[in-house]
Amino acid sequence: MVEEHEPAESTLRERALIQLKKRRDFQTHVLVYILVNTLLVAIWAMSSPEAFFWPVFVILGWGIPVVINWWDVYVVKEPDEATIQQMMDRLQRKG
């Protein structure tokens, strides 16, 4: 017998697919980040290595969203059923 708050297998499958897609998207994001920034560093090195290291602005500016993306994919946990039910109750009370 399935308990009231126990997710069904289809729900678990959907959640797993979402998580797998988020991981694949993150991996693509990191690959593009590395390739583009490597290209920018190469351009800087070939054109003016004695000048200010201007690629740092792109590396840091884009690096922050990469870290946030990593945090979302690998650190943030999905809410449990009790938390979801609490929010549903709160929303229902608000009308």
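Read-outs: derived from the displayed coordinates by stated rules, not from any lab. Only a predicted model underlies this, so the values are computations on that prediction, with no experimental measurement involved. For neighbour counting, all protein chains shown are included, and Cβ atoms are generated from backbone atoms with ideal geometry for every residue, glycine included.
With (1) within 24 Å of the chain's Cα centre (by Cα); (2) surrounded by 11 or more Cβ atoms within 10 Å (Cβ to Cβ); (3) of a type outside the set (Asp, Glu) as the list, and VAL67 as the residue in question, which single condition is left unmet?
(2)
Can you find even one residue in the range 54-66 that is outside any helix (DSSP H, G or I) and either over 19 Å from HIS29 (Cβ atoms) or not charged (D, E, K, R) (or both)? Steps first, please.
Taking the range 54-66 and keeping what is outside any helix (DSSP H, G or I), we get 54.
Among the residues that remain, those that are also either over 19 Å from HIS29 (Cβ atoms) or not charged (D, E, K, R) (or both) are: 54.
Checking the range 54-66: at least one residue is outside any helix (DSSP H, G or I) and either over 19 Å from HIS29 (Cβ atoms) or not charged (D, E, K, R) (or both).
Against the definition (assigned to a helix (DSSP H, G or I), among the aliphatic types (A, V, I, L, M) and under 19 Å from the mean Cα position of the chain (by Cα)), how does LEU39 come out, yes or no?
Values: assigned to a helix (DSSP H, G or I): yes; among the aliphatic types (A, V, I, L, M): yes; under 19 Å from the mean Cα position of the chain (by Cα): no.
Here the answer is no, as LEU39 does not meet what is asked.
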